[in-house]
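J.: Below are the structure tokens for one structure; questions will follow.
The values are calculated or read from the model by the stated rules, or taken from the named source; none is laboratory data. Computed from a predicted model, the values in this text were never measured in an experiment. Every residue, glycine as well, gets a Cβ built from its backbone with ideal geometry; the counts of neighbours run over all protein chains shown.
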Amino acid sequence: MTTLRAAQPQTKSVPAGRRRTFAALGAVAAGLLVLTACDKPTPIATVTVGDNSVRSEAACYNDGNQIQAADLQKCLKNKDLHSIKVDPDATVAFGVEPEIADSGWTVLLNGQPLTDESNKTYRTIPGSVFFNQQYGATGSHTTVSILEGKGGKATGLWSFKLEKNS
């Protein structure tokens, strides 16, 4: 009678230096995963004039939930903005990602509504509007914001500085 024996697995020893290297790589990978989970990027809004564009993540964003009025006012006062030069004879194009468009968005000029709410991802406005006193503009620069939300429920805000280029 023949007895079958299970094959014994062969083990190879891994040098201690290699184990430390693998452990360090594993720790770095785990750390990157944790960091990635902490800061989810916000949708992007873009302002384009001619061949020039500026893009920005939100100054205020609550991932689909309403932003409190006091917090929104603080964000509207932010002066650290991406800027772009605008010839008053040029057209200014605003672009938003589909998730912003789906929520509805409005263009604000110095904190006041300039346009009706839109669900499109793109809209254009003549550059002269942004420097016209009739629309609340003063001086050679103005703040333009994209406000995400419907019916007074603000869920995101992106702001840009437009500088007159004549």
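J.: Name the residues in the range 129-147 that are under 26 Å from P41 (Cα atoms) and either surrounded by fewer than 14 Cβ atoms within 10 Å (Cβ to Cβ) or in contact (Cβ under 8 Å) with a residue 60 or more places away in the chain (or both), would you?
T.: Correct list: T143, V144, S145, I146.
J.: Here is a follow-up. For the range 88-131, which residues satisfy the criterion of being touching a strand residue (DSSP E or B) at 6+ places or on another chain (Cβ under 8 Å) and assigned to a helix (DSSP H, G or I)?
T.: I100, A101, S103, G127, V129, F130, F131
Results for (1) exposed (fewer than 14 other Cβ atoms within 10 Å of the Cβ); (2) at pLDDT below 60; (3) of a type in the set (D, E, K, R), shown as yes or no for each residue.
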{"site": "T3", "(1), (2), (3)": "yes, yes, no"}
{"site": "F22", "(1), (2), (3)": "yes, yes, no"}
{"site": "N52", "(1), (2), (3)": "yes, no, no"}
{"site": "N62", "(1), (2), (3)": "no, no, no"}
{"site": "A69", "(1), (2), (3)": "yes, no, no"}
{"site": "I84", "(1), (2), (3)": "no, no, no"}
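J.: Sticking with this one: With the checklist (1) surrounded by fewer than 16 Cβ atoms within 10 Å (Cβ to Cβ); (2) in contact with a helix residue (DSSP H, G or I) (Cβ under 7 Å, 6 or more places away or on another chain); (3) touching a residue at least 40 places away in the same chain (Cβ under 8 Å) in hand, flag the one item K120 doesn't pass.
T.: (3)
J.: Kindly indicate whether G104 is more than 18 Å from V47 (Cα to Cα) and more than 15 Å from the chain's Cα centre (by Cα). First the steps, then the outcome.
T.: Details: more than 18 Å from V47 (Cα to Cα): no; more than 15 Å from the chain's Cα centre (by Cα): yes.
No.
J.: Within the range 148-166, count every residue that is of a type in the set (D, E, K, R) and surrounded by 21 or more Cβ atoms within 10 Å (Cβ to Cβ). Give the derivation first.
T.: First, pick out the residues of the range 148-166 that are of a type in the set (D, E, K, R): 148, 150, 153, 161, 163-164.
Within this subset, residues satisfying the condition of being surrounded by 21 or more Cβ atoms within 10 Å (Cβ to Cβ) are 148.
Summing the residues that are of a type in the set (D, E, K, R) and surrounded by 21 or more Cβ atoms within 10 Å (Cβ to Cβ) in the range 148-166 gives 1.
J.: What are the residues in the range 57-111 that are basic (K, R) and touching a residue at least 60 places away in the same chain (Cβ under 8 Å), if any? Please lay out each step first, then the result.
T.: Within the range 57-111, the subset basic (K, R) is 74, 77, 79, 85.
Result: K85, single match.
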